[in-house]
Amino acid sequence: MENVKVQEGVKRETFTSQFGVLAAAAGSAIGLGNIWKFPYITGENGGAAFVLVYLLCIAVIGLPVMLSEFLIGRRSQKAAIGAFKDLKPGTPWFLTGWMGLLAAFFILSFYGVVAGWTLNYIVFSITNKLAGASPEVIGQTFGAFISDPVKPLFWQVAFMIMTAAILFGGVKDGIEKYSKILMPLLLVIILVLDVRALTLPGAGEGVRFLMEPHFDKLSIKGVLVALGHAFFSLSLGMGCMITYGSYIGKKQNLGSMALQVTIADTAIALLAGFAIFPAVFAFGVDPSAGPGLVFVTLPNVFNMMPGGYFFSILFFILLAVAALTSSISILEVIVTYFIEELKIKRSMAIIVGFVATTVFGVLCSLSMSPASVVSTWTFPTLAGMKNFFDTMDWWSANMFLPLGGLFISLFAGWIMKEQDVMDEVSSGGEFQVPWFKTFIWVARTLAPLMIFIVFLYSLGVIKV
Ligand code: PHE
């Protein structure tokens, strides 16, 4: 039972192999954010210049915050709330963990809905539902589906059941095992799609769109979108990587793990871009279609593409797989909270977490259905009143994640003893960490400062 640590009478499972940690953490990071959101915000914000800024945000802020989360988790051997209580007892720092828990609830509720759409689109692809349909019909089909009061719920619940089912296996036989199977599958599918897209006649224009920066097309708003997305895409700011960090064995090198996860996440986002834009440009459709890019624009592209039937099925399986390894990490944050703080059994914790997030998700889905009373509910955000779905998204992405990231960075930089941080990132002196001083400086000043600027933007203090 080497992978079980005993601490304060609670058995803690850990991931068992280096590849297992990488697959699980990259599985969390790589998700709808990479394949659904990154391409459409890149399309909306002008292409290559946006990509460059995004890469900068990932390197300067994403990487150090990820390392901070890993080290806080492994040091404390606890999930988000317990970690802060353990490392700085008797202080309000644990509220950062609470905010993360709330973010997990909010994110999983709408994430499960969009993931459910992807399951439905796998079936649409297999049954050839959209074959030969005009762009108008494809658009209307999507609109009618997401605003249906019943159909999306079926798929959302199915997806949430899959998520919960994996967690029943635990850390090693659930999260690690499935991530080790699903992540290589995801890589193979995306590479196949890349080869298909890049060999289409006219693909070059899409490649240029991603590679030739036009800074005149980049707005300050685009810079802020890039920073916010860096958090979402790397699963940062809500304690997800703190939780996973607590499952990383003491002998693993946290710095290189954070680097590998960051590179994997970024590479998949770029590969998704290279699968989508060359095809979009080759068939002359609009790259800036927004959230409907993969559900409306791509089915049009598949209709025109040789082998489109096959590639469309592959694409939506890819999306579902990516979503699944992320949703398990979000539900795990909630589940570990129940286990550690409320001292309930894992199976019970999973059921409670599943029911709560699924009910929230049903409300998200119904908020898009004019037939449901939920669609008339609106809630305040600092960007005006929004429906239930958009409220969940807005508060988590614009408030909780950046604020959480800010506090996590400050905690690792200022609150923890430098010696303890050093001890953790070097695994007790086992690894050389020549970058340590730079890391501490970034965690103390640069990262918090940049996050603070985004936050002020979210609050509307800075207007662009
Ligand atoms: N990183 C995931 C994605 O890109 C989403 C996520 C956010 C997962 C926050 C966990 C925590 O889809």
The chain, relative contact order [Cα under 8 Å, separation at least 6], %: 32
Linear extension gain, Met304 paired with Leu382, 0.36 nm per residue minus alpha-carbon span: 23.9 nm
Span from the the range 160-194 Cα centroid across to the the range 365-399 one, whole angstrom: 30
Positive minus negative residues near Gly100 (Lys, Arg vs Asp, Glu; Cβ under 14 Å): -2
For the range 353-464: relative contact order, % (alpha-carbon pairs under 8 angstrom, 6 or more apart): 23
DSSP H segments from the chain that extend 24 Å or more along their own axis, Cα-based, with Kyte-Doolittle mean of -1.0 or above: 94-126, 151-168, 177-198, 254-282, 308-341, 346-366
Excluding exposed DSSP-loop GluC sites (Glu not before Pro) (at most 16 other C-beta within 10 Å), longest clean stretch of the chain: 9-429
Separation of the Gln18 and Ser288 label points, Cα + 7 Å toward Cβ, nm: 4.5
Burial ranking of peptide ranges 165-173, 21-29 (average Cβ count within 10 Å, highest at the top): 21-29, 165-173
The chain, helix-only ellipticity at 222 nm - DSSP H runs n ≥ 4, -39,500 (n - 2.57), divided by all residues, nearest 500: -21000 deg cm²/dmol
At R0 = 25 Å, FRET efficiency that the Cβ-Cβ distance of Phe215 and Ala267 yields, to 0.05: 0.55
Rg(Cα) / (2.2 N^0.38 Å) computed for the chain, rounded to two decimals: 0.94
Reachable lysines from Lys463, criterion Cα separation under 21 angstrom, eight or more residues apart if same chain: Lys217, Lys221, Lys386
Euclidean distance between Cα centres, the range 296-364 to the range 221-259, Å: 19
Net charge, Lys37 excluded, C-beta distance under 11 Å - Lys, Arg +1, Asp, Glu -1: -2
Fully extended contour minus Cα-Cα distance, from Glu418 to Ala158, at 0.36 nm per residue: 89.0 nm
Where trypsin sites (Lys or Arg not before Pro) fall in DSSP loop in the range 286-378, at most 13 other Cβ within 10 Å: Lys343, Lys345
Mean separation of Cα contacts under 8 Å, 6 or more apart, over the residue count of the range 315-404: relative contact order %: 14
Residue-span extension gain [Val188 to Lys129] - 0.36 nm each, minus C-alpha spacing: 18.7 nm
Listed residue pairs exceeding 29 Å between alpha carbons, taken from Lys85/Lys437; Lys177/Lys437; Lys172/Lys437; Lys180/Lys437; Lys37/Lys177: Lys177/Lys437; Lys172/Lys437; Lys180/Lys437
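None of the figures in this text is laboratory data; all of them are computed from the coordinates on show. Quantities reported herein were computed from a predicted structural model and do not represent experimental measurements. Note that we place each Cβ from the backbone using ideal geometry, even for glycine, and neighbour counts take in every protein chain shown.
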